[in-house]
Amino acid sequence: MYRENIYEVMESTKEKVSVWVIPKNTGLKGYAWKTLKEAGLDLDDARVVGDGKLRLKGLTLLLRRGEDIPIVVTDEFKQGRIVLGLTGDDLLDEFRLRQPDNFLKVENTYDWYDPEAKYLRPALCLIGKSADPKKIPKRPNLAINEKYKYASRLYLAKDPQFQGKFISTTTYSGDLERAVKSGARDYCIDTVYSGKTIRKLRLRVVGEPIRFTDLVVISALGAENSGLVEKMTNSIFSAEYLFINRDR
């Protein structure tokens, strides 16, 4: 698979870039670092120069959680430093939904392809004990992942199978599938990768995946959503009457 060289990506920004923010999360880190190696930056050769900081070939690499990378790129820019970040486009979109006035820009996209993944890449899915959407009750109680809180609410507000239903949501940081298995929640919205967890718990993906994930290189060099994210965010709040929120 072709991977655009990261130095070419840096050059295309027409700015002097010497800092990258890259993921340290176990799952995201594995594929992201593999992609960087394919794109010309082998992090196995990097040396540690501080807490969460590496140096390699004149570049400084900041290790941060994938969901925090958009805000770190933004914070660095506000302090006069132009950096590039590598993260999942799902996490970028969640950040944009939370902060629609952002000025982040996608500089490059690296397709995610893993033959060992159930859908060949990460997929945000509705998960339950049955795969039949007709079994969704009138008052469904859902667990949603804090990392995808806004994306999940947008999906629930827009998807036809939830129209006219009275939805209760509770946010979790992890183990959402176990909440469904135990009966505490009817469904959950979370990322499926290999599918091992849902198979082990005898759960099913309901319908088609909500969205897939690729890797994106981001900068804070200009807004590019043209109001789309703002409209999406407004849709979430205009449909807020659908939710009985128990978030904690």
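The values are calculated or read from the model by the stated rules, or taken from the named source; none is laboratory data. This is a predicted model, so every value here is computed, not measured. So basically every Cβ, Gly included, is an ideal-geometry build from the backbone, and we count neighbours across all protein chains shown.
Between Leu120, Leu156, Leu142, Leu201, which is of a type in the set (A, V, I, L, M, F, W, C) and either under 30 Å from Val9 (Cβ atoms) or within 16 Å of the chain's Cα centre (by Cα) (or both)?
Result: Leu120 is the single residue among Leu120, Leu156, Leu142, Leu201 that is of a type in the set (A, V, I, L, M, F, W, C) and either under 30 Å from Val9 (Cβ atoms) or within 16 Å of the chain's Cα centre (by Cα) (or both).
Within segment 53-72, how many residues turn out to be modelled with pLDDT of 95 or more and of a type in the set (Gly, Ala, Ser)?
The qualifying residues number 1.
Condition first: in contact with a strand residue (DSSP E or B) (Cβ under 7 Å, 6 or more places away or on another chain) and assigned to a helix (DSSP H, G or I). Now tell me which residues in segment 43-75 satisfy that.
Across segment 43-75, the qualifying residues are Leu43, Asp45, Gly66, Ile69, Pro70, Val72, Val73.
Please enumerate the residues belonging to segment 7-42 that are over 14 Å from Asp214 (Cα atoms), without any contact (Cβ under 8 Å) to a residue 60 or more places away in the chain and part of a helix (DSSP H, G or I).
Selection gives Tyr7, Glu8, Glu11, Thr26, Lys37, Glu38.
Would you be able to say whether some residue in segment 83-99 is exposed (fewer than 15 other Cβ atoms within 10 Å of the Cβ) and outside the structural domain of Ile189 (by TED's automatic domain parsing)?
Within segment 83-99, the subset exposed (fewer than 15 other Cβ atoms within 10 Å of the Cβ) is none.
Within segment 83-99, none of the residues are exposed (fewer than 15 other Cβ atoms within 10 Å of the Cβ) and outside the structural domain of Ile189 (by TED's automatic domain parsing).
What do you reckon, is Glu4 surrounded by 13 or more Cβ atoms within 10 Å (Cβ to Cβ), more than 18 Å from Trp112 (Cβ to Cβ) and of a type outside the set (A, V, I, L, M, F, W, C)?
Against the criterion (surrounded by 13 or more Cβ atoms within 10 Å (Cβ to Cβ), more than 18 Å from Trp112 (Cβ to Cβ) and of a type outside the set (A, V, I, L, M, F, W, C)), Glu4 does not qualify.
Does segment 116-125 contain any residue that is touching a Pro at 6+ places or on another chain (Cβ under 8 Å) and surrounded by fewer than 20 Cβ atoms within 10 Å (Cβ to Cβ)?
yes
Name the pairs: first residue in segment 48-64 and in the same structural domain as Leu86 (by TED's automatic domain parsing) and farther than 15 Å from Leu86 by Cβ, second residue part of a strand (DSSP E or B) and polar (S, T, N, Q), Cβ to Cβ under 9 Å, at least 6 apart or on different chains?
Val49/Thr60; Lys53/Thr60
So which residues in segment 132-151 are touching a Leu at 6+ places or on another chain (Cβ under 8 Å) and either exposed (fewer than 14 other Cβ atoms within 10 Å of the Cβ) or hydroxyl-bearing (Ser, Thr, Tyr) (or both), if there are any at all?
Tyr148, Tyr150, listed by residue number.
Given the conditions (1) at pLDDT below 95; (2) not in a strand (DSSP E or B); (3) not assigned by TED's automatic domain parsing to the domain that holds Thr87, which single one is not true for Leu221?
(3)
Of the conditions (1) touching a residue at least 40 places away in the same chain (Cβ under 8 Å); (2) out of contact with any Ser or Thr (no Cβ under 7 Å at 6 or more places or on another chain); (3) of a type outside the set (Gly, Ala, Ser); (4) over 21 Å from Met10 (Cβ atoms), Phe95 clears all except one; give me its number.
Phe95 satisfies every listed condition except (1).
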